[in-house]
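FYI, it's all coordinate maths here, none of it is from the lab. Quick caveat: nothing in here was measured; it's all calculated off a predicted structure. Positions of Cβ are generated from backbone atoms using ideal geometry, with glycine treated the same way; all protein chains shown enter the neighbour counts.
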Amino acid sequence: MKTTSSLSRLLLLLLFSLITLPTLAQFRVIGYVPSWAGDVNSVQYSKLTHINYAFLLPTATGGLQPIENPAKLQSLVSLAHANGVKVLISVGGWNDGNDSGFESIGANASYRNTFVTNLVNFANQYNLDGVDIDWEYPDAGASANNHALLMQQLSTEMHSRGKLLTAAVVGTGGASILNSVFTSVDFLNLMAYDFNNFDHSTYDYAVQSINYWKGRGLPANKTVLGVPFYGRPTWESYAQLLARGASPNADVFDGVGYNGIPTIKSKTNLAFDQGSGIMIWELSQDVTGANSLLTAINQVVVQRNGVTPPQPRPSRGELRPKALRHNRAPKPKRLPTPAAD
């Protein structure tokens, strides 16, 4: 009886821990892989849960432009799936500020049907796990309503096939993303960067971003915090900055603002406490070894799953001043190369 009782208590304790503690599978770590940069053989798959391949571009009538580097996508899917990582196709991106394809599709029911059918077929063709919509950006009014209609239709078709639907949204000020979209998606990737120039992705802005979307009703389990692996205003990658002498433990070098390891860890803890994951733009901008930002994220995830107390947020001296406005200048990270067209 005593042995049985002890075993029962142990089983109950195990069940309780499974219910109350986040796991790596529950905490999403999503990395973008652009078609024009990076080697799929260098991706640290064991530290990711999802990969978004960027970008697929729509035509004005619901068609799809040829995907750039399809062989790379095929290899990525094969390697990712072998490591238990899901792969989604990201549609859109900054595209030099040209969202005319989305605007045309959203405003026409026939084009929407064609677009959704084409995305379903594309996802099946490449054995993808879902679709990530990165429409930058719907406008207020009819455009916002059309975006919501498109997301609802995609949700029906993707979810009925067991596939994911996600979307990338601005960090704050995304009024043109209607609340009805929240029920259509599995989660939203908050682009909590490019808010200002030098101070484009501070810890404070990450807090503001999460508070903005959750304040509008986005559930924590659909809130994924985006972090940059690059600096501004030069757009240099984290790897390039370190090669020039930047410290992996700082946020500023030679007039360039970036996220070093302490800030990345603090943001990951924030995402753990207030959301359900972290998103990275983009993986090829990282380094390998002890200074890897993805490794820093993984260390926090492992610690939190092991009930390690969260690390403190950066000291006031490590924080940049709050950004004043959202700078929607063209973002090279969102630009497909000419060969994609």
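List of remarks:
- The ranking of TYR32, TYR126 from fewest to most other beta carbons within 10 Å of each one's beta carbon is TYR126, TYR32.
- For the stretch 212-224, Karplus couplings with θ = phi - 60° (6.51, -1.76, 1.60), whole Hz, Gly/Pro x: 4, 6, 5, x, 8, x, 5, x, 4, 6, 10, 9, 10
- By the Cα gyration tensor, the stretch 26-340 has an equivalent ellipsoid whose semi-axes, rounded to whole angstrom, run 29, 21, 19 from largest to smallest.
- Net +/- balance of residues flanking HIS147 in space, Cβ distance below 13 Å, scoring K and R +1, D and E -1: -4
- Less than 5 angstrom separates the built amide H of TRP94 from those of ARG334, all sequence-distant by 5 or more or on a different chain.
- Separation of the ALA220 and SER110 label points, Cα + 7 Å toward Cβ, nm: 4.8 nm
- Two numbers describe the Cα atoms of the stretch 27-185: Rg and Dmax, which are 15.1, 44 Å.
- At 0.692 mPa s and 37 °C, Stokes diffusion of the stretch 69-135 via Kirkwood alpha-carbon radius, µm² per second: 249 µm²/s
- Taking 0.36 nm per residue of sequence separation and removing the Cα-Cα distance, the ASN118/ALA175 pair yields an extension gain of 17.7 nm.
- Close amide H pairs (under 5 Å, H built 1.01 Å from N) link VAL227 with MET279, ILE280, TRP281, residues at least 5 positions away or on another chain.
- Contact order relative to length of the stretch 26-340, as percent, for alpha carbon pairs under 8 angstrom and 6 or more apart: 19 percent
- A prolate overall shape is assigned to the stretch 184-227, the ratio a/c of its alpha-carbon gyration tensor axes (a ≥ b ≥ c) being 1.5 or greater and a/b exceeding b/c.
- Applying the Karplus relation 6.51 cos²θ - 1.76 cosθ + 1.60 with θ = phi - 60° to the stretch 94-106 yields 3J(HN,Hα) values of 5, 6, 6, x, 9, 10, 4, x, 4, 4, 5, 5, x Hz, where x marks Gly and Pro.
- Separation of alpha-carbon centers, the stretch 123-138 and the stretch 234-271, rounded to whole Å: 29 Å
- Fewest-first ordering of LEU270, LEU56 by other beta carbons within 10 Å of each residue's beta carbon gives LEU270, LEU56.
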